[in-house]
Amino acid sequence: MKIQIRTDGEPGTKRLQVKFSKLAEGIKKRRPLFNRIGVQLLNAIMLNFKEQGHEGTPWAPVSKFTIARRRKGPGAKKGRGRILEDTGELRRSFAIEATDQSVRVGSPKIYAPTHEFGRGPIPKRPMLPSRARGLQIAVDVAESYTNELIERAKLKGRK
């Protein structure tokens, strides 16, 4: 069993063509979509900093050497005892780069990968969302964005 819908002159299809055109136009210009995805990925990163862990798994505690260094360094002046936040510079360095083809979220800090993946005595403390979480965020945002485009097409079609 098949249902076939044509939009090439059948009665009542002009409105459908207009709606498809509006939807296609919104999907063609994907930078707003990718920017929204980037904002949600950035929110996930900030949540990891706030919770001092990665998606429910706590980060390794600060070492006694870091605690001793903080007593003398800039973190001591501000009274920060949070993991990966001596000054807050790393957390604040995360940014979004969105185009019509992709979105990137990351930090330009040279030491960010060391903390993300661990190296030597420095334990792994992932800040970025996992691949599965990032994909779920992208799917959720894309679904919401597409629904918004459909709603806008509905409202414009009623005029």
task = Answer yes if at least one residue in the stretch 129-148 is among the hydroxyl-bearing types (Ser, Thr, Tyr), assigned to a helix (DSSP H, G or I) and closer than 22 Å to ILE45 by Cβ, and no otherwise.
result = yes
remark   = Looking across the stretch 128-149 at residues that are open to solvent by less than 60 Å² (accessible area, probe 1.4 Å) and over 16 Å from the mean Cα position of the chain (by Cα), the single one that is modelled with the lowest pLDDT is LEU149
Residue within the stretch 57-79 that is more than 14 Å from the chain's Cα centre (by Cα) and under 19 Å from ILE137 (Cβ atoms) present = yes
note = Of those in the stretch 42-55 that are open to solvent by less than 70 Å² (accessible area, probe 1.4 Å) and not in a strand (DSSP E or B), the residue farthest from LEU128 (Cα to Cα) is GLN52
request  = Search the stretch 68-96 for residues that are modelled with pLDDT of 90 or more and pair each with any residue that is acidic (Asp, Glu) when their beta-carbon atoms are under 7 Å apart and the residues are at least 6 apart or on different chains.
outcome  = ARG91/GLU85
message = On the basis of being touching a residue at least 12 places away in the same chain (Cβ under 8 Å) and under 27 Å from VAL141 (Cα atoms), does GLY53 make the cut?
response = no
ask   = Which of the residues that make up the stretch 85-127 are polar (S, T, N, Q) and either assigned to a loop (DSSP other than H, G, I, E, B) or surrounded by fewer than 13 Cβ atoms within 10 Å (Cβ to Cβ) (or both)?
value = THR87, SER93, THR99, GLN101, SER102, SER107
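The values are calculated or read from the model by the stated rules, or taken from the named source; none is laboratory data. Predicted model only: the values in this text are computed from it and were never measured. Cβ: placed from backbone, ideal geometry, glycine included. Neighbour counts: every protein chain shown. For accessibility, only protein heavy atoms count, side chains too; no ligands or nucleic acids. Shrake-Rupley method; radii C 1.70, N 1.55, O 1.52, S 1.80 Å.
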